[in-house]
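In what follows, a single structure is set out as structure tokens and then discussed.
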Amino acid sequence: MMAAFEVSSDPARLDVDLVHRFLAEESSWARGIPRALLERALANSLCFGGYLDGNQVAFARVVTDRATFANMVDVFVLPGQRGRGYSKLLVESVLAHPDLQGLRRFTLATADAHGLYARFGFTPPSRPATLMERYYPDVYQRCR
Ligand SMILES: CC(C)(COP(=O)(O)OP(=O)(O)OC[C@H]1O[C@@H](n2cnc3c(N)ncnc32)[C@H](O)[C@@H]1OP(=O)(O)O)[C@@H](O)C(=O)NCCC(=O)NCCS
């Protein structure tokens, strides 16, 4: 029987070793992130794990005031489990979380998974000229 995919926002269930390994070694965006820095980020975020038979295979992190604004980051499904709809179930669960309802703005940045988010109503920024950032993509390389 196929194992059922389950999403939970219980921080106690997170496999921090797995999340750190993927982000530090396999992601394009958080490569080299120190373990202690990730733990601080997790502690101050609303985190979602995706589980198969109790083993974590997916992750998403939401930085939010739980009232008006949220930003979704660090979304991944382990390579061996991709293409089975798990990221869609994960994003669906994120958007259904009771603390993330009625937000004025929900943002995310993605290099190539626009199609995943578009199905949930995410669009390119309607007024890109109004958005500004301080962006240091190689910051984890520098703190080694
Ligand atoms: C992107 C990612 C999370 C998708 O996970 P997945 O479980 O394989 O995706 P699903 O099976 O739920 O399908 C996702 C849907 O979005 C679409 N999609 C759009 N861009 C995609 C992309 N870059 N990768 C995978 N699917 C993508 C797929 O076509 C699919 O739609 P369909 O069912 O109509 O064909 C996964 O490939 C991953 O972890 N990639 C590496 C990390 C990453 O790039 N994360 C995104 C950072 S924002």
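Want the number for residue 138 to residue 13: 0.36 nm per residue separation, take away the alpha-carbon distance, what's left?
Details: separation 125, 0.36 × 125 = 45.00 nm, distance 2.97 nm.
Net length gain for the segment: 42.0 nm.
Below 8 Å between Cα atoms, with a sequence gap of 6+, how large is the relative contact order for region 21-73 in percent?
On the way: 54 pairs, mean separation 10.7, N = 53.
With pairs under 8 Å counted, the relative contact order is 20 percent.
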Using every pair of alpha-carbon atoms in region 1-141, split the distances into 5 Å bins beginning at 0 and state the percent of pairs per bin, rounded to integers. 2, 9, 18, 23, 21, 16, 8, 2, 1, 0, 0
Taking only DSSP H segments of four or more residues, each worth -39500 (n - 2.57), what value at 222 nm results for the chain once the sum is divided by all its residues, to the nearest 500 deg cm²/dmol? -6000 deg cm²/dmol
Candidate cut points under chymotrypsin sites (Phe, Trp or Tyr not before Pro) in region 21-115, DSSP loop plus at most 15 other Cβ atoms within 10 Å of their own Cβ, are 29
Once residue 21 and residue 36 are pulled to full extension, the length gained, defined as 0.36 nm per residue separation minus their Cα-Cα distance, is 4.1 nm
Using only Cα atoms, locate the centre of region 18-32 and the centre of region 77-110, then give the distance between them in Å, rounded to an integer. 19 Å
Kirkwood Rh over alpha-carbon pairs of region 88-144, then Stokes-Einstein at 20 °C and 1.002 mPa s: what D in µm² s⁻¹, rounded to an integer? 153 µm²/s
Between residue 53 and residue 82, what is 0.36 nm times their sequence separation minus the Cα-Cα distance? Round to one decimal in nm. 8.8 nm
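Every number in this text was worked out from the coordinates using simple rules, so none of it is lab data. Just so it is clear, the model here is predicted, and its values are computed rather than measured. Neighbour counts run over all protein chains shown; Cβ positions are idealised from the backbone, glycine included.
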